[in-house]
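Values quoted throughout were computed directly from the atomic coordinates according to the rules given, and no laboratory measurement underlies them. Not measured: the values here are computed from a predicted model. As a convention, Cβ positions derive from the backbone with ideal geometry for all residues, glycine included, and neighbour counts pool all protein chains shown.
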Amino acid sequence: MLEAVAFWIDRPGVGVMRRASIGPVGEGDVLVRTSRTGISRGTETSVFLGRVPPSEHERMRAPFQEGDFPGPVKYGYLNVGVVEQGPDELRGRTVFTLFPHQSAFVVPAEAVVPLPHGVPTRRAVLAGAVETAVNVLWDAAPLIGDRVTIVGAGMIGCSIARLARGIPGLDVVLVDVDPSRRTVADRLGVRFAEPGDAPGDRDLVVNTSGSEAGLQLALASVVTDGEVIEASWYGDRPVTLALGADFHSRRLSIRSSQVGAVARPRRGTRTTRDRLTLALDLLRDPAFDALLTGDSPWTDLPAVMEGLATGQGAELCHTIDWTDAE
């Protein structure tokens, strides 16, 4: 039996590193040695703090999660590593896997997706965020020439903004309460506005802010008869909206989007693997490096997760380096 080291949420707010036994590599399996993992700040900090509602315990399970919410639980899904054992066509390849924070692991070969040429290891951890952005845009279906606002310049909002920018004629504005996000927006090639300066009469508004204020701003920004795509996940936090003003008279709509299933417009023609493969291909774009805002060795992971969960810093995607883990 091989051994690895893995990050566990022992109980809400407490993370620990534990040794893990790795089972044998069977026929059709691969052994992956992790190079980098990424922290999906919104979802993973909610899990870290024990904020997954009981009604969502099963739906929120990560593909290779161990344990149960609220803990002890091994959770995560942004993992890039190198195949050390497995089929000839995969051995030595760098692959993305929806696996938690662990130095090495064995999974079925069909669970890994090789990185395309031109996608560096660290950038590839963003595959989960870009896959979510693809799904949101499939749900939202913007049209050529649309005026689009994304509220919330986190990892998901920034990914949506960069992909939307590639659609001809779209005017894309990224809105955030943090003025330092203007620099990120500039690197992504989109306009930036703070909430007080957010433009109105937008054909499409996507909220990724994870805040009721952001959703309220989205409703105020969209055109009459318009639709807001709600791509935030609030965990167990209640959300209060003021729907008594012009919500009804302007005939506004709110529609959810999430990554657990392929968006309905593409569900009959695309699989989740197709979607992930597309996301990795889109990461050839070096502009996505603007989302990589921190990097730490695996030994610091418990402290890093605690810092992110308590709101320290203005991180987008913090990556974890596993290259010296044994």
Cα-based convex hull, the range 129-266, per residue volume (Å³, whole number): 106
Dipole in debye (nearest 20) - the chain, about Cα centre, beta carbon charges: Lys, Arg +1; Asp, Glu -1: 440
Contact order relative to length of the range 129-266, as percent, for alpha carbon pairs under 8 angstrom and 6 or more apart: 25
Structure-based [θ]222 nm, the chain - -39500 (n - 2.57) summed over DSSP H runs of at least 4, per residue, nearest 500: -6500 deg cm²/dmol
The chain: most fluctuating residue of 149, 132, 277 per GNM, C-alpha cutoff 10 Å: 277
Trypsin sites (Lys or Arg not before Pro) within the range 24-91, DSSP loop, no more than 12 other Cβ atoms inside 10 Å: 59
Sequence ranges 236-242, 106-112, 79-85, 153-159, ranked by mean other-Cβ count within 10 angstrom, highest first: 153-159, 79-85, 106-112, 236-242
Cut-off 10 Å between beta-carbons: net charge of the residues surrounding residue 199, Lys and Arg +1, Asp and Glu -1: 0
For the range 28-100 and the range 232-247, distance of Cα centres in Å: 30
Neighbour-count order for 89, 194, fewest beta carbons within 10 angstrom listed first: 89, 194
Kirkwood Rh (inverse of mean 1/r, distinct Cα pairs), the range 222-319, angstrom: 17.7
Helical segments meeting 18 Å axial Cα length and Kyte-Doolittle 0.0 threshold in the chain (DSSP H): 127-140
